[in-house]
Every structure is written in structure tokens, then in C-alpha cells.
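Asks: Please read through the structure below; I'll follow up with questions.
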Amino acid sequence: MEEQAIVIAFVGILGIGSQWIAWRTGWPAIVLMLAAGFLAGPVFGLIDPEHAFGDLLEPMVAIGVALILFEGGLSLDFRELRHSGDAVWRLATIGVLLGWFFGALAAHEIAGLVLPVAVLFGGILVVTGPTVVIPLLRQSSVKQRPASILKWEAIVNDPTGALCAVLAYEYFRKVAESPGATVTEVLVPMLFAVALAGLLGFLAALAIAWAFPRGAVPEYLKVPVLLTTVIGVFVLSNMIEHEAGLLAVTVMGVALANMNVSSLRSIHPFKENIAILLVAGIFIVLSASLKWSDLAYLNWRFGLFLLALLFLVRPLTILISLLGSSVPWNERLFLAWIAPRGIVLVAISGLFALRLSELGFDDGNVLIGLSFAVVVATIVAHGFTIDIVARLLKVKGSTQPGLLIVGSNPWTISLAEQMHDLKTPVLLVDSSWQRLAAARQKGIPFYHGEILNEATEHNLDLGPYQVLVAATENEAYNTLVCNEFAHEIGRDSVYQLGEAGHEEDRHALPEALRGRALFESGWGVTEVADRQAQGWVFRKTKLSEEFNFEAMQEKLPDSAHTLLILRQGGQMRFFTHAARPEPRAGDTIISFSPPQTRTAGDKAAKRAAKKSGPEPQPA
């Protein structure tokens, strides 16, 4: 009991700690988790999950993998696939079959795995994994089309790879149990069982989609009911056919994602948190469970296999799958190189390694060590070269953080114009075509639609925008927008006009729901609109060693208010009622200022300054 508690605590600290360090440093989280688990397990012997959990370890990992695949399926909305063209469909069909074939061939001929293990491992290698692909794309800022293809290939192929592994395992298990059986005798019952498991997952999704919107389940029980249903479907499907539960929960997740169940929207943050905990836990447990004997199998043949995976299997799969497509050749070559593997590869390999050993295939023990080697090799190779390759192939997008402004009015249009002039990616969003008229005339990028509508998620790529400002005339709506996007963008990166009231003020919106208040004064919508009508304008001023922030303030009118700092790398830091960023040389300051009236003395001073040389002035 005490040992199990210590192991659980260690796993949590190592898993979440690794992800925190990855967030702070930008390093791949999965590599840090692998290193942490390996050091805690086989190197220093601090934890031994197999000894601590015994027979419970296998079902724990199996249920964790099932929940991860369900969460992945829940992310697969087919409406978003339409905007990636036919490339994703090609990679999800032709690409899967080619990747499975080439991967199995390389595993058998180069790595020397026995055929059943090679075929199963080739199916698992189909996965790339959104948990590693999406952070890489954010880090490197790839153009929208290739980034979208890679993202959706990873989301689609996560469950597809699991299905390939299940089919391969079930086939070889049937053959091992009935050596004299024909292919038809093996395949027909297996496919029937797999279809039955998929139907069970679909029916469970239908039941959830019917019950949740009709109030049959109270709000506080929806998450527990959903998780319990997933586990129940997984266990029941496994009773029908070994490992068919992985297929069933994947079908259940995909089906729910495409049934427009509005009540599921509120539990998305929770299910993502569960997925993060499971990914961290499973990865640390599996890496800590490694034995030196598992790594002894990794000889020079496996080194050649990794090279073949990087330079033959993936390029052939992509280039053949996309023959005749509209994807340009530079993007095809980029897609042919980028294919990092992640947690699903390791989790499924760890699950089936135990099953294959039970069937008498000794090479099954190699899968865990080999899958870790594939993860490390692909993440290191692709993670450290994605920027270089993207630049060489000219698929590099803008690396500068963007600003998303909700609400089109004279104040936001002026702000967007200033940021657009400073080469900051900016997008103005409003549901009114009339309110967007002035923005369209000024050439400001805009989106006509409701930002809170689910259709916006399918039609608008929000990836380039790291900061959101909600500045419509309705303060409650601004709060709703900030609260909705706080989870995706970050609570510290969503802003709105107006300051939160005191906790005792029952008429004010609570600070916990609002975005950060713009301006140190906490001006609201009415205040900025009135000043805009009085002729107030935005001014931008570049700071230097000679012309610092204090000098800039002396040049501006006393009533002027600084709004934000634009760093040289493009990062935006806003002045709020609660935070005041520290300006430094090289920064550009955006301020909101009344119109400046120049006296005769001012004009004479300006003429004298022109004769003596240029002096920095607010724009």
C-alpha cells in the first residue's frame, strides 16, 4: 500500500513536472518524460511500477490507453477535415495502407522482427500523434495548409493505428489458437466481432447524445457518466473480442464528436486535463518499467531500421499517397519529412508487447524498447530540423505573435491599423458586415462571423493569434468571449475594456470570468468611445538607449495612457490595472493620446530640432 502510494506520487511529480519544464523551455515534453521515467526506473531504481502494482499494471495501462484514444476520437470533427482538401483523406486511406506495408516490411527485413510482430508494429507505426505534432507546429510556425494536413493526419491516424494493431493482433492470435484454420475461417469471425465492437461504441455514443441534452443526466454527473461509459464499453467489447475495446472507444469518441452534442462543449477542458494526466502517467510508468534487457535488443539492425523509417518509409508513403493531388511539391517534401511519434505509439506497443509474449512471440518484448527508440529518434530528428526544413522549402509562416480583436468600432479599427502597420498579424472579428465596412476599406484583415459560433472553429485558424482583445459595446459579451477563450489562449492573454468591480458589488461582473482590464485606469467601452469622438488617437513610439520611457512620457500629453509594449520579437505586453510591464530599449510603445496642439514656441523648437538633427518623436 505504502509503496504503491509512493510510486503514484512519483509518477505524478515526474509526469507533470516534465510537462511544466517543457512549457518553460520549449523542449519536447515527451522526451523529458522519457528521460525522467528512465532515470527514476532502470537507472536509479527509485520506482518499480511492475513490483508496486503487479497484476494491476496491465489493466491500468489498458484503461488509460482506452481513455486517451477516446479523447483523441472526440477531437475528430469531420467538418474541419473539409478545409484540408483531399490530402488528409489520401493520407488516412492510401497513406495508412502504404505506411503499414512499408513499416512492416522494414521491421521484418531490416530490424529482423518475426513476421507477426513486424506486421503488428508496422500498423502501430501509422500513428504520428497530435500530442507531439501540434506543439511542433506551434513552435515552428508553419504555413496553414501543410500545418493543417499534419495536424489532421495525426488526429485521424491515432485511432487508425490502434485499429491496425488490433486487427493484426487478433488475426495472429486466431492463427495461433487454430493453426490449421483457413484465412476465411480466421477473418470472418474476427471482422464480425470487430464490427460488433464498433457498433457497441456507436450505440453508446447515441445514448450519450440522447441523454445529455434532455437533462437525463445532471450537469455534475456528466463527466463521471461519460468516463464510466467509456470504461464500460471498453471492458464489454474486450469480452466480445480481445482488444476490440480500443476500436469501440475510438468509434464512440469519433461518433460523439460529429453528433453536435452541445452539452459536451462544457466538459472539453476536463477531458483534456484527464488526457494530460493519463499521457504523463502512462509514459512515466512505461519508461520506468523498462529493463536493461529490453534495451539489449537494440543493436545495429535497429539503428538501420530507424534510418529506413525516417528516410524511406515516411517519404515513400507521403509521395505516393499525394501523387496527382493539388499539394505543391515543396509542401509534399515537407510532409514527407515531418512525422514525430508520441504517446499512443508507446502505449499501444507496451500493451501488445505483453499480449504477444503470451502468444509465444519472443520479439514482443522488443516492442517497448523499440517504440521508445522510434519516439526519441523521430522527435529529435524532426523537432530540431523542422524550422530549417520549413525555411528551405519555403513553408515557413509568420513567427510573430498575432492579435485577435473582437468587435469592430472606431477604437478597435484604429488599434488594428496601428498593429497592422507594425507588421503584427492582426484579425478583426465581428458578426456585422456593416460594422466591418471601415476595416475593409482600410485593408485590415477581418473575419465576418460570430466568434462564439462553433462554425468559427471549423472555418478560422486561430493558431497564429496568441493575444485576444474583446472590445464590443457589450461588456457582458466581452466577458463571455474572454472566458470562452481563456482556456485556449491563456487567462493572462485575454483582455477586455473596463475594470472589474469589488467582490461585494452585486451589479458587477466577477473578476474570475473577465479578461484582464486594458489600461492602468481600467477604462471601459464608454470612456474610450467618448475620447475617440474627441479626437484621441493611437501613437507609436520606438524606445532607444537615448530615448527611454520617461522621455517618451514627457513628450506625450499628461492625460495620455499607454496601452501596450511591442517587443522586438513581436511579443505584446499590455498595461492593465493590475500589471505594468517594464519598457526597455528597442520596444515600441502604443499609447492612446488626446490630439496635440502646437504653440508657436513648439513650432520654433521643431524647426530648431530639424536643423540640429532628427529627434525621436511619438508617431
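The values are calculated or read from the model by the stated rules, or taken from the named source; none is laboratory data. Predicted, not measured: the structure shown is a model, and the values here were computed from it. Note: ideal-geometry Cβ built from the backbone for every residue, glycine included; neighbour counts use all protein chains shown. To get the accessible areas, we keep the full protein, side chains included, count just its heavy atoms, and leave off ligands, DNA and RNA. Shrake-Rupley method; radii C 1.70, N 1.55, O 1.52, S 1.80 Å.
Asks: What does the helix-only formula give at 222 nm for the chain: each DSSP H stretch with n ≥ 4 adding -39500 (n - 2.57), the total divided by the residues, and the result rounded to the nearest 500 deg cm²/dmol?
Replies: Rounded to the nearest 500, it is -18500 deg cm²/dmol.
Asks: Within 10 Å, count the other beta carbons around each residue, average over each peptide in 467-476, 12-21, and list them highest first. All intermediate terms of the calculation are to be shown ahead of the outcome.
Replies: On the way: 467-476: 21.2, 12-21: 18.0.
Ranking the peptides 467-476, 12-21 by packing returns 467-476, 12-21.
Asks: Amide H of Val469 versus every other amide H placed in the peptide plane: which residues, excluding those fewer than 5 positions away on the same chain, fall under 5 Å?
Replies: Those lying under 5 Å, H to H, from Val469 are Leu404, Ile405, Val406, Tyr495.
Asks: Given 10 Å bins starting at zero, what is the percent of C-alpha pairs of segment 371-489 in each, up to the one with the largest pair distance?
Replies: So the P(r) values, bin by bin, are 12, 36, 27, 15, 8, 2.
Asks: Assuming 0.890 mPa s and 25 °C, estimate D for segment 1-91 with Stokes-Einstein, Rh taken as the Kirkwood radius over Cα pairs, in µm²/s.
Replies: Working: Rh = 15.9 Å.
Using the Kirkwood radius from Cα pairs, D works out to 154 µm²/s.
Asks: Find which of Leu187, Ala9, Leu462 sits farthest along the positive direction of the dipole of the chain, computed with +1 on the beta-carbon of Lys and Arg, -1 on that of Asp and Glu, about the Cα centre.
Replies: The listed residue farthest towards the positive side: Leu462.
Asks: Test of the criteria: in segment 515-566, which chymotrypsin sites (Phe, Trp or Tyr not before Pro) are in a DSSP loop and have at most 10 other Cβ atoms within 10 angstrom of their Cβ?
Replies: Values: sites: Phe519, Trp523, Trp536, Phe538, Phe547, Phe549; in loops: Phe519, Trp523, Trp536, Phe547.
Nothing satisfies the criteria.
Asks: Write down the accessible area per residue of the chain in Å², having rolled a 1.4 Å probe over the full set of protein chains. Provide the component values of the computation, followed by the final result.
Replies: Values: 28350 Å² over 619 residues.
The answer is 46 Å² per residue.
Asks: Let me ask something else. With a 1.4 Å probe and all protein chains left in place, how much of the accessible area of the chain comes from carbon and sulfur atoms, in whole percent?
Replies: Details: 17150 of 28350 Å².
Carbon and sulfur atoms account for 60 percent of the accessible area of the chain.
Asks: If the limit is 21 Å between Cα atoms, which of Lys396/Lys542; Lys394/Lys423; Lys143/Lys442 go over it?
Replies: Details: Lys396/Lys542 28 Å; Lys394/Lys423 19 Å; Lys143/Lys442 25 Å.
Too far apart for the 21 Å limit: Lys396/Lys542; Lys143/Lys442.
Asks: For the chain, which span is the longest to avoid every loop-located (per DSSP) member of trypsin sites (Lys or Arg not before Pro) having at most 10 other Cβ atoms inside 10 Å? If you can, show how the numbers build up before the last one.
Replies: On the way: sites that count: Arg214, Arg506, Arg598.
The reported range is 215-505.
Asks: To the nearest 20 debye, what is the magnitude of the charge dipole of segment 450-594 about its Cα centre, counting +1 on the Cβ of each Lys and Arg and -1 on the Cβ of each Asp and Glu?
Replies: Values: 13 positive and 24 negative charges, 108 e Å.
Approximately 520 debye in magnitude.
Asks: Where the only charges are on Cβ atoms (+1 Lys, Arg; -1 Asp, Glu), what is the dipole of the chain about its Cα centre, to the nearest 20 debye? List each step's numbers first, then the result.
Replies: Numbers: 46 positive and 55 negative charges, 521 e Å.
That gives a dipole near 2500 debye.
Asks: Another one. For the chain, build the convex hull from the C-alpha positions and give me its volume per residue in Å³. Mind showing how you got there, number by number?
Replies: Values: hull volume 122.5 nm³, N = 619.
Value for the chain: 198 Å³ per residue.
Asks: Considering the options His242, Ser591, Leu221, tell which one lies farthest towards the positive end of the dipole of the chain, charges being +1 on Lys and Arg and -1 on Asp and Glu at the Cβ, about the Cα centre.
Replies: Ser591
Asks: Moving on to the next point. Take each of the peptides 192-204, 400-412, average the number of other beta-carbon atoms within 10 Å over its residues, and list them starting from the highest.
Replies: Working: 192-204: 18.9, 400-412: 22.5.
Taking the mean over residues of other Cβ atoms within 10 Å, the ranking is 400-412, 192-204.
Asks: Now for a separate question. State the antiparallel share, in %, of DSSP beta bridges confined to the chain, rounding to the nearest 5.
Replies: Working: 16 of 33 bridges.
Taking every DSSP beta bridge within the chain, about 50 percent pair in antiparallel fashion.
Asks: Calculate one ³J(HN,Hα) per residue across segment 474-489 by plugging θ = phi - 60° into the Karplus curve 6.51 cos²θ - 1.76 cosθ + 1.60, and present them in order as whole Hz with x for glycine and proline.
Replies: 9, 5, 5, 5, 4, 5, 4, 5, 4, 5, 5, 9, 4, 5, 7, 8
Asks: Let me ask something additional. Considering just Cα atoms, how many Å³ per residue does the convex hull of segment 430-472 enclose?
Replies: 91 Å³
Asks: Further, regarding this structure: What is the dipole size for segment 275-393, taken about its Cα centre, with +1 at each Lys and Arg Cβ and -1 at each Asp and Glu Cβ, in debye to the nearest 20? Don't skip to the end; give the middle numbers.
Replies: Details: 7 positive and 6 negative charges, 42 e Å.
Dipole magnitude for segment 275-393 comes out near 200 debye.
Asks: Moving on. Give the residue from Gly383, Ala106, Leu556 lying farthest towards the positive end of the charge dipole for the chain; charges sit on Cβ (+1 for Lys and Arg, -1 for Asp and Glu) and the dipole is referred to the Cα centre.
Replies: Leu556
Asks: Further question: Restricting to Cα pairs below 8 Å that are 6+ residues apart, what does the relative contact order work out to for the chain? Please round to a whole percent. Intermediate values should be presented prior to the final figure.
Replies: Details: 973 pairs, mean separation 84.4, N = 619.
Result for the chain is 14 percent.
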